[in-house]
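What follows is one structure encoded as structure tokens, with my remarks underneath.
Every number in this text was worked out from the coordinates using simple rules, so none of it is lab data. Since this is a predicted model, take the numbers as computed values, not measurements. No Cβ is skipped: glycine too gets one built from the backbone with ideal geometry, and neighbour counts run over all protein chains shown.
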Amino acid sequence: MQSSLSKKERSPSAKRRDAQTERSADTINKLLEATIDLLYKYGYSKFRIADVIKNSKVSRGGRLHHFATKKDLVESAIEQLFVDEISQQTKAANTSSTDVIRHAAQAISDFHSSRLYRVIINMLISTGRLEQLTDGVRDISIRSRNQIDKGWINSVVQLGFTTQESEEILGLLWSVQRGIFIENLTGSNPCNDQSHELEFVISLLNEHLKVP
């Protein structure tokens, strides 16, 4: 019995490694949260590494240890936002047993009003000349969007649609709501009522589904 307990005890070196891993994760989280907050509030054009260090209370050396370049830090922050979004959307898709399409439309609408989407839009607009960074953000977006769609497509398939039809339904929901977001952003949509917009999207999709 005593021998069994001793095997479960962790060595001092293992405990030190655990503590170091926790400190490292905490430092990374502080840097990413500060980066996300600054990108959301001020956009990429006014984003400064010095502000990240100040707001996160992480030393310059600590930042360099985890993120050697500004590009690394920004892309990691965007990726972290998408990790959270994928988790939320996957959970929503898996729990939407009734009225899946409406729930999918609502989830996509919520995405377009999230700080994640606003940060991405700002990034793609303000970094137009920085092809390497723009391509990195776009790749992260596409890869993450595919994971988000997968969950909803599987749920729509359960309604009796084929995989191709389910992909078309999700594609239409994304396209229409992206257009509505752009209209709201530019002020060309006089309504700007989310509940009305959601009903419009669903009715448009229903009409599409009626077409032979």
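Each residue, Asn94 and Ser203, gets one label point 7 Å from its Cα in the Cβ direction; the gap between the two is 3.6 nm.
When its C-alpha radius of gyration is set against 2.2 N^0.38 Å (N residues), segment 62-158 gives a value of 1.23.
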